[in-house]
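Shown next, in structure tokens, is the structure this report addresses.
Values in this text are rule-based calculations from the coordinates and carry no lab data. Keep in mind it's a predicted model, so treat the numbers as computed, not measured. Here the Cβ positions follow ideal geometry from the backbone for every residue, glycine too, while neighbour counts run over all protein chains shown.
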Amino acid sequence: MNREASAAYQLYWCQVQQQLLVADAERGFLFFYHQSQDIEFEIQRDDRFLTELVETAMDFWSAVKSKKEPHKDPERDLYLPHGEAERQWQQLAATYRQRELTILDLNSQLNQLKDEQSRIEDTLVRLMGDYVAAEHSGLRISRFQSQGAIDYKAALHALQPDVQTSALEVYRKPSATRVRVTCRDDDGKHAEVPFDAQALKDLAGVDFWF
């Protein structure tokens, strides 16, 4: 248990300090319920922190009133292309959205074909009776058993019930960066960044050379 060094404590310590400022109190209490245990912390007022907090809050509110945006944070803010980058993004987005519709349609057809193939396979297997292999008219069918996977989470819990999840972090494989693309399926008016859906459809048919 990390107690005061935990991320949760450090986050809510700040909140308690704000409450002490508003209540003009000298101390407060922070409670956590963790792993069936009640954990209590007594927190003393930190005037140095509160002075910095008030100054930072006033600077923030001044920026809000003057509509002065802070510097963009790549980890938290949205990238919004401008100029030539925006023109290129729009064309690529239009093409991507159009092709995504085509992919969805093809996947639907593919799933239907797979279902039909599965029904044919079931019929052929019934025709085989007890045979484990068959071949005729250019089709060969083999039946076999595949070994089930081990539920390592359940096994660890049964064999080593006292092992904490945090102890397994040292065995975690390196993280990998992945990309998820989402096509907004509305008219574009309710998206976080509104767009003209019809204009993109029209743009998808335009030949564009980079």
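Some notes on this structure:
- Here the calculated FRET efficiency for Ala63 and Leu30, from their Cβ-Cβ distance with R0 = 35 Å, stands at 0.70, rounded to the nearest 0.05.
- Of every Cα-Cα pair in region 122-210, the percent that sits beyond 19 Å: 75 percent
- Calculated on C-alpha atoms, the gyration radius of region 1-138 divided by its Kirkwood radius gives an Rg/Rh of 1.36.
- Extending 7 Å from Cα along the Cβ direction at Arg76 and again at Leu124 yields two label points whose distance is 5.8 nm.
- Partner aspartates and glutamates for Lys67 [C-alpha distance under 17 Å; skip if fewer than 8 residues away on the same chain]: Asp59, Asp77
- Rounded FRET efficiency, nearest 0.05, which uses the C-beta distance separating Gln44 from Thr165 and R0 of 30 Å: 0.40
- Computed lengthening from Lys114 to His190, 0.36 nm per intervening residue step minus Cα-Cα distance: 23.7 nm
- Within straight-line cross-link reach of Lys65, lysines at Cα separation under 30 Å, skipping those fewer than 8 residues along the same chain: Lys189
- Taking 11 Å as the cut-off, the amide N atoms of region 1-35 that come nearer than this to a point 7 Å along the Cα-to-beta-carbon line of Thr56 belong to 14-15.
- Cα→Cβ-extended label distance, 7 Å offset, between Thr95 and Tyr131, nm: 5.2 nm
- Interchain or long-range residues, amide H under 5 Å from Phe195's placed H: Lys189
- Label-reachable residues, region 89-106, where backbone N falls under 19 Å from a point 7 Å from Thr182's Cα toward its Cβ: 93-94, 96-98, 100-101, 104
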